[in-house]
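None of the figures in this text is laboratory data; all of them are computed from the coordinates on show. No experiment lies behind these values; they were computed from the predicted model shown. Quick reminder, even Gly has a Cβ in these numbers, built from the backbone with ideal geometry, and neighbours come from all protein chains shown.
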Amino acid sequence: MKQYLAVVDIDIHANQDETTREQVLENVRNYKGSAVTPLWINWLRMRADLRLVCLVDELEHFDDFLIDEIRGVPGVRGTKSFLAFDGVVHGDVIDDISLQDSPWSRRASATAMIHIEPGKERAVYEALVALPRHNEVEVGYVAKLFHCHVCDAMVLLIGERTASLSGYVMSWIRSIPGVTDTQVVSTLDWKVLAKTEDLIALCQSFPETRTNG
């Protein structure tokens, strides 16, 4: 069965931050449906107050999940969803993602939103999938978003320092021929929701061997 990767940015009204965040977190933790599998939720430094990453098994019920579990929470000002139908997940990095939930081992992380020159989509995507390893930065996933009006691709970066992530974007992503612009959204905190089998399913749905566009 085809699965999709969904990233949901959740904007919260001022002065309602804590109660709204806690209610959203409780809702997605206690969600019992089969349509969506919440993987992790991030506190963000900018753009939105929360970012939820999940696997979608039943696309026709995704709107119901958004309405019932997220948009219905008092204090939620709005949501913006990015739905990836294809991409690559690096399993060795995702396997260690539970470490992000520990204050003792938490590493810096950010999402790079990438804009691509029309006609260069396949070449840029292949270059993103083949991004080199760095001693301070790892790539968690590369998601295709060519149907999205906000960006054309999204890359999850995990590293030792925030400065390392910024340097990696400038040196390796922005230098790819066909990349016209990037925006980097830093992560302030993590709450991992996935079980081990959920992360395995994520890697199986977006295997590293599928690198062609």
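How fast does the chain diffuse by Stokes-Einstein, in µm²/s, taking the Kirkwood radius from C-alpha pairs at 4 °C and 1.567 mPa s?
Working: Rh = 17.5 Å.
For these conditions, the coefficient is 74 µm²/s.
Please give the FRET efficiency for Arg133 paired with Lys195, using the beta carbon to beta carbon distance and R0 = 22 Å, rounded to the nearest 0.05. Could the numbers behind the result be given before it?
On the way: r = 27 Å, r/R0 = 1.24.
About 0.20, to the nearest 0.05.
Label-point separation (nm) for Asp86 and Lys120, each offset 7 Å from Cα along Cα-to-Cβ?
With each label placed 7 Å out from Cα toward Cβ, I get 2.0 nm.
Sort Ser164, Ser109 by Cβ crowding within 10 Å, fewest neighbours at the top.
Values: Ser164 18, Ser109 22.
Going from sparsest to densest Cβ surroundings: Ser164, Ser109.
Looking at segment 26-79, which trypsin sites (Lys or Arg not before Pro) are DSSP coil and have at most 10 other C-beta atoms within 10 Å of their C-beta? Could the numbers behind the result be given before it?
Numbers: sites: Arg29, Lys32, Arg45, Arg47, Arg51, Arg71, Arg77; in loops: Lys32, Arg45, Arg47.
Loop-located and lightly packed - Lys32.
Do any GluC sites (Glu not before Pro) in segment 85-169 lie in a DSSP loop with no more than 16 other beta carbon atoms within 10 Å, and if so, which? Before the final figure, lay out each step's value.
Numbers: sites: Glu121, Glu126, Glu136, Glu138, Glu160; in loops: Glu136, Glu160.
The qualifying sites are Glu136, Glu160.
If the cut-off is a Cα-Cα distance under 18 Å, which aspartates and glutamates reach Lys2, setting aside same-chain residues fewer than 8 apart in sequence?
Excluding near neighbours in sequence, the set is Asp57, Glu58, Glu60, Asp63, Asp86, Glu197, Asp198, Glu208.
What order do you get for Leu188, Leu128 when you list them from fewest to most C-beta neighbours inside 10 Å?
Details: Leu188 11, Leu128 25.
With the sparsest Cβ surroundings first, the list reads Leu188, Leu128.
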